Amino acid sequence: MALPRTLSVIGAGQMGIGIALVASLRAKIPVILYDRDPSQISKGLGFMDKLLAKDVSKGKISEDDAKAARARIVSISSTSSSSSSDELNWARELAERGTDMVVEAASERLSIKEGIFRALAESLSKDAVLASNTSSISITKLAGAAVDGLGPGVSRASAEGKSCAGRVVGVHFFNPVPVMKLCEVIPGLQTSEATLERAKAFAVACGKEVTTSKDVPGFVSNALLMPFINEAIMCLESRTATRDDIDKTLRLGMGHPMGPLQLADFIGLDTCLAIQETLYEGTHDSKYRPSILLGRMVDAGWLGKKSGKGFYDY
Ligand code: CAA
């Protein structure tokens with residue numbers, strides 16, 4: 001199965017940087033890293049340089065491998081875009097630079113992702129795979145936004161004929177991407193078999209084992225993980241046990257590398273809340289209702305490791 005000749009990664013946060021790194025280092029694919037915010041790109045690339053230097057110092061990769069991986073990555077931000085900073089211009093720029101697969105790793109918000117998929121559908125070649133690293137948002141819905149992106153006068157039926165929605169797929173990586181061995185691949189209702197196979201081949205080339213999940217809220221991974229994290233937060237809220245004892249129970253009693261509260265901080269409390277809201281709204285099942293404490297912490301701007309404060313201080 002053919003790998004992408006040029007991959008574009010949208011969003012230079014912790015997931016986007018990790019995906020760009022494994023695509024370049026493991027799959028040896030040229031990568032264009034796009035983020036609207038240039039400071040996010042420089043921060044992310046700085047972190048990537050540190051990871052590569054650590055791998056070299058530990059003898060995991062050679063210095064030449066690290067240099068080649070880094071050289072395969074170019075970045076663009078809205079300010080480096082050829083003209084103004086509206087969404088279509090960056091998408092056209094990715095197209096002009098030969099992008100034949102995109103992995104979107106922007107914030108976990110439906111309106112943001114739909115805007116991105118509309119712009120991609122309008123600009124990219126009709127052979128390009130449009131993948132999302134979403135943790136819980138419906139791939140079928142994003143594929144619908146891609147069809148809408150083909151502009152006025154294009155009916156859903158004719159857009160499907162151009163296999164636009166068929167090119168949308170979920171590729172869900174796990175944080176830290178260079179360390180975690182899994183990629184969950186999610187076909188939407190419209191995803192073609194060829195797109196699914198290309199997505200799986202890409203994940204394998206990045207060094208990942210692949211599982212497949214139906215397009216249900218949270219997919220398999222977060223339909224299991226988020227109630228677990230939420231239950232731990234509810235234990236804290238009801239003072240069943242202290243923060244440290246909740247985490248210690250799972251670490252020492254069950255062999256988890258991190259306790260659920262530490263893991264929630266690591267994922268980001270805003271991301272956990274967004275996923276839990278998607279699960280709750282998508283199922284109307286009370287078992288997915290986000291805890292009040294989680295919402296309050298996000299209101300306070302305590303987002304976990306990335307903001308310096310969550311259940312722990314950093
Ligand atoms: N990026 C890249 N590499 C990282 C990293 C990061 N953010 N953090 C740690 N690492 C690397 C370290 O560099 C180190 O690499 P080497 O073996 O080459 O030295 C390795 O991971 C181990 O790190 P440490 O020794 O510093 O610390 P540790 O042994 O405590 O491991 C951990 C850290 C890998 C994060 C481990 O605690 C762990 O596996 N935690 C659970 C993570 C997890 O469950 N992730 C999934 C979250 S859910 C998700 O991502 C999807 C979603 O939809 C929400």
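The values are calculated or read from the model by the stated rules, or taken from the named source; none is laboratory data. Computed from a prediction, not measured in an experiment: that's the story for all the values here. Cβ: placed from backbone, ideal geometry, glycine included. Neighbour counts: every protein chain shown. Heads up: the accessible areas ignore ligands, DNA and RNA and are worked out on the full protein's heavy atoms, side chains in. Shrake-Rupley method; radii C 1.70, N 1.55, O 1.52, S 1.80 Å.
Distance in nm between label sites at residue 256 and residue 2, each 7 Å beyond Cα in the beta-carbon direction?
4.4 nm
Can you give the local net charge around residue 110? Use residues other than it whose beta-carbon is closer than 15 angstrom to its beta-carbon, Lys and Arg +1, Asp and Glu -1.
Spelling it out: positives minus negatives among the neighbours equals -4.
According to a simple spin-label model (label point 7 Å from Cα along Cα-to-Cβ), what is the distance in nm between residue 107 and residue 192?
3.4 nm
What does the accessible area of residue 108 come to, in Å² to the nearest 10, when a probe of 1.4 Å is used?
30 Å²
How much FRET efficiency would the formula 1/(1 + (r/R0)^6) give for residue 281 and residue 50, where r is the Cβ-Cβ distance and R0 is 41 Å, rounded to 0.05?
That pair, residue 281 with residue 50, gives E of 0.60.
Where does each of 126, 113 land when they are ordered by accessible area, with a 1.4 Å probe and the largest first?
126, 113
Quick one: which residues, 5 or more positions from residue 101 or on another chain, have an amide H under 5 Å from its amide H? H modelled 1.01 Å from N in the peptide plane, none for Pro or chain starts.
6, 8, 129
Run the accessible area of the chain with a 1.4 Å probe and give the carbon-and-sulfur part as a rounded percent.
Carbon-and-sulfur percentage of accessible area, whole number: 55.
Just to make sure I understand: if all protein chains stay in place, what is the order of 239, 296 by accessible area at 1.4 Å, largest first?
Sorted descending by solvent-accessible area, the residues read 239, 296.
Based solely on its DSSP helices, what 222 nm [θ] is calculated for the chain when runs of n ≥ 4 H residues each add -39,500 (n - 2.57) and the sum is averaged over all residues, nearest 500 deg cm²/dmol?
-14500 deg cm²/dmol
What is the gain in length, in nm to one decimal, between residue 292 and residue 231 on full extension, counting 0.36 nm per residue of separation less the C-alpha to C-alpha distance?
20.8 nm
Extension gain residue 243-residue 97, at 0.36 nm per residue separation less the Cα-Cα distance, in nm?
This chain segment gains 47.7 nm when fully extended.
Net charge near residue 279, counting Lys/Arg +1 and Asp/Glu -1 over other residues with Cβ under 14 Å of its Cβ?
Surrounding charge for residue 279 is -4.
Setting aside same-chain residues fewer than 8 positions from residue 141, which lysines have a Cα under 21 Å from its Cα?
Output for residue 141: 113, 126, 162, 200, 214.
In debye to the nearest 20, how big a dipole does the chain give about its Cα centre with +1 on each Lys and Arg Cβ and -1 on each Asp and Glu Cβ?
So the dipole magnitude of the chain works out to roughly 600 debye.
Translational D (Stokes-Einstein, µm²/s) of the chain at 25 °C and 0.890 mPa s when Rh comes from the Kirkwood sum over C-alpha pairs?
Approximately 122 µm²/s, per Stokes-Einstein.
Run the reach check for residue 248 against lysines, Cα to Cα strictly under 27 Å, same-chain hits fewer than 8 apart removed. What comes back?
Partners found: 181, 287, 305, 306, 309.
Compute the orientation-averaged projected area for segment 268-314 from the convex hull of its Cα atoms and round it to one decimal in nm².
3.0 nm²
Taking a cut-off of 16 Å between Cα atoms, list the lysines near residue 50, but don't count ones fewer than 8 places away on the same chain.
Leaving aside lysines fewer than 8 places away in the same chain, those within reach of residue 50 are 58, 60, 67.
Please list 26, 70 from largest to smallest accessible area, probe radius 1.4 Å, with all protein chains kept in place.
26, 70
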